[in-house]
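Report on one structure; see the data block that follows.
Any read-out appearing in this document is the output of simple, stated calculations on the displayed coordinates, not a laboratory observation. Treat the numbers as computed from the prediction; the structure is a model and nothing was measured. Note that we place each Cβ from the backbone using ideal geometry, even for glycine, and neighbour counts take in every protein chain shown.
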Amino acid sequence: PKTSITLIIMEGTKTRPEIGRFFGFDHVLFWVGNAYQAASFYCSRFGFEYLAYQGLQTGERNYATHVVQAGKIRFAFASSYGPYEHKDETMAKHLTQHGDGVRDIAFGVEDAVKVYETAISRGAKCAGKPRTISDEHGTVILASVHTYGDTIHTFVQRKVDGKEYTGVFLPGFKEHFLKDPLNEVLPATKLDIIDHIVGNGYENDMVPTADWYEKTLDFHRFWSIDDKMMHTDYSALNSIVMADFDEVIKMPINEPAKGKKKSQIQEYCDFYAGAGVQHLALKTENIIDAVAALRKRGVDFLPIPKSYYDNFRKALPNLNIKVQEDIDTIEKLGLLIDYDDNGYLLQLFTKPLEDRPTVFIEIIQRRNFGGFGAGNFKSLFKALEDEQDKRGNLTDM
Ligand code: FE2
């Protein structure tokens, strides 16, 4: 039949693109006002462990960087020592304009120079030429390009001339001098890996940004949704998810769409003063334990109305899926559920993690379901808009 022929042809055209292999999210670098305290917050609240440090004590005179880890998730928090940096004012300007936020989404790659040079030849803007850095644990090659807003991507190659880098994080970093004693007494948060990282931009920014990932990094459109589905009475947004060839990196790109009131995406752009990272989704294999632990540690999640669970209980008997988790527990923990005929996902979202209503975290568990929670957007948006309204930002357009 015709459909299977189409499938065969599509399989046949799936050859690895020229740019080479991406291994996934290597780490995420946040530029913040006080890296020492920010790192502590992610350890005590989110159960990260201190991993690596670079600063005055390691001979670094310009920046302090504290790296924390949960499962395979690595967050690095960096601050400047001076009122401005010795070489330029990039970090100081970033902090003044955006507040604490994500500067760099670093991807692990097979060949950093090749990815960089391919991207540059296709029009990407340099954010750091290829550099080879070494210490007693080996060698790493880094290269960086600009993406949306003031955000950059660093390509991290940890295997050079057949030898894997064996240090704690990157050359120049030492093992962290701290250990959070709270992690010994509080329950483990069981966070595993970064599932996706979402960027927010302005109206009409989304398609050019998605095209940029396709053109410069050989990513493809993995999933998309428009404002016809993603809207409430008040606000709307569009989203396209871009992924690398192996689909180990997923980067949803959002833009606001016209609604009666200001879109939550526009609120983000107003307060971040530009396009940037809206949320980081952290995957767990046990969201029940994970969220129970995170709540016990004082993580502040978006509240979900009781009606959401009443409606879900009514719909459940007619669904093809078998939900393994207890619905009362799902409700107690405030989890959202999205599904199709093959599987489902459970997710929930923190409130913004800074005073500015900008970056937040999603916790997600997938059970044979690759979507992004589209079925939850209406109830989620209602919860988001209630918070937006409390901030005085659910204003007329
Ligand atoms: Fe998400």
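Here are the numbers for the structure shown:
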{"read-out": "Whole-number Å³ per residue for the convex hull built on Cα positions in segment 26-94", "value": "89 Å³"}
{"read-out": "Amide N of segment 293-324 lying under 15 Å from the label point, which is placed 7 angstrom from the Cα of residue 179 along Cα→Cβ", "value": "none"}
{"read-out": "Among beta bridges that DSSP assigns inside the chain, antiparallel share in %, nearest 5", "value": "85 percent"}
{"read-out": "Rough spin-label spacing in nm, given labels placed 7 Å along Cα→Cβ, for residue 289 and residue 224", "value": "4.0 nm"}
{"read-out": "Overall dimensions of segment 166-257 as given by Cα atoms, namely Rg and Dmax in Å", "value": "18.9, 53"}
{"read-out": "Rg/Rh (Cα only; Kirkwood hydrodynamic radius) as it applies to segment 103-162", "value": "0.99"}
{"read-out": "Simple spin-label estimate for residue 327 and residue 300 in nanometres, 7 Å along Cα-Cβ", "value": "3.2 nm"}
{"read-out": "Cα centroid of segment 166-243 to Cα centroid of segment 65-144, whole Å", "value": "16 Å"}
{"read-out": "Exceeding the 20 Å Cα-Cα cut-off - candidates 174/296; 14/163; 258/378; 14/283", "value": "174/296; 14/163; 14/283"}
{"read-out": "Residue 137-residue 16 FRET efficiency (beta carbon distance; Förster radius 30 Å; 0.05 resolution)", "value": "0.50"}
{"read-out": "Stretch gain in nm, segment residue 49-residue 211, where the contour uses 0.36 nm per residue and the Cα spacing is subtracted", "value": "54.6 nm"}
{"read-out": "FRET efficiency for residue 258 and residue 193, using Cβ-Cβ distance with R0 set to 51 Å, rounded to 0.05", "value": "0.90"}
{"read-out": "Once the Cα gyration tensor of the chain is diagonalised, semi-axes √(5λ) in Å", "value": "33, 26, 23"}
{"read-out": "Extension gain, residue 117 back to residue 202 (0.36 nm per residue minus Cα-Cα distance, nm)", "value": "27.8 nm"}
{"read-out": "Over segment 294-397, relative contact order from alpha-carbon pairs under 8 Å, at least 6 apart, %", "value": "25 percent"}
{"read-out": "Cα→Cβ-extended label distance, 7 Å offset, between residue 396 and residue 34, nm", "value": "4.1 nm"}
{"read-out": "FRET efficiency, residue 315 to residue 163 (Cβ-Cβ, R0 56 Å, nearest 0.05)", "value": "0.55"}
